[in-house]
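The values are calculated or read from the model by the stated rules, or taken from the named source; none is laboratory data. Fair warning: this is a prediction, and the values are worked out from it, not measured in the lab. Every residue, glycine as well, gets a Cβ built from its backbone with ideal geometry; the counts of neighbours run over all protein chains shown. Just so you know, the surface numbers come from the protein's heavy atoms only, side chains and all, with ligands and any DNA or RNA stripped out. Shrake-Rupley method; radii C 1.70, N 1.55, O 1.52, S 1.80 Å.
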Amino acid sequence: MKDKEIKFIETTFEKSNFMHLTGVELTNKDMNAKSFYDRCIHNRIKGNEIVERPDGNTKNKLLVLNNLMFIHKNARMIGDYSQNKIFLYSNKIIGNVSSCFEFIQKGNYYICNTSLKEDIRKLTFDQGKVICIACKNIQDLKYNEITYVNEK
């Protein structure tokens, strides 16, 4: 058995991507994706300012959103996207058997581009176990919090 190489990726979650992760569309034309995030954080979204997307994905995305907000603590697998879904474009997928985030590479980072209520094993090949997750604010130079360590 050959030695397994430990690999890592760096991801970033930006305000502008959050709305897509929820699957909602805006009815308030004065709001954009960043202001949607800020208003959500401050619990200031009104029900009439958003609607479900007509493709039916909103319900599935909202069902797993709470779980995915803790991905820094509950991600167990990572893999390369197997390109088996027609409308998805991603490079890496991180998650578990019930939900996952997909990422595209942008420079040195991977940017989260969608969320799915899906078993990561059905979407990836060359899967690996997540062995450690470290977090930091984007402006910080060094990682300052370890949120998960696989004890094995």
Open item on the list: Rolling a 1.4 angstrom probe over the protein chains, ignoring ligands and nucleic acids, what is the accessible area of residue 81 in square angstrom, nearest 10?
Closed with: 10
- [ ] Leaving ligands, DNA and RNA out of it, report the carbon-plus-sulfur percent of the accessible area of the stretch 1-60 at a 1.4 Å probe.
- [x] 50
Open item on the list: Using Cα springs under 10 Å in a Gaussian network model of the chain, which residue among 59, 142, 73 shows the largest mean-square fluctuation?
Closed with: 142
Open item on the list: What is the distance in Å between the Cα centroid of the stretch 96-119 and that of the stretch 9-74?
Closed with: 14
Task: Fully extended contour minus Cα-Cα distance, from residue 40 to residue 138, at 0.36 nm per residue - done: 33.3 nm
Task: Around residue 41: net Lys/Arg minus Asp/Glu count, Cβ-Cβ under 13 Å - done: +3
Task: Solvent-accessible area of residue 77 with every protein chain in place, 1.4 Å probe, in Å² to the nearest 10 - done: 40
Open item on the list: Could you compute the net charge surrounding residue 62? Neighbours are other residues with a C-beta less than 15 Å from the C-beta of residue 62; K and R count +1, D and E count -1.
Closed with: 0
Task: Estimated dipole of the chain in Debye, rounded to 20 [Cβ of Lys and Arg +1, of Asp and Glu -1, Cα centre] - done: 160
TODO: Describe numerically, in nm with one decimal, the distance between label points set 7 Å from Cα along Cα→Cβ at residue 126 and at residue 104.
DONE: 2.0
TODO: Could you work out the local net charge near residue 136, counting Lys and Arg as +1, Asp and Glu as -1, over the other residues with Cβ closer than 13 Å to its Cβ?
DONE: -2
- [ ] Counting other Cβ atoms within 10 Å, keep those with at most 11, restrict to DSSP loop, and tell me which GluC sites (Glu not before Pro) in the stretch 59-152 are left.
- [x] 151
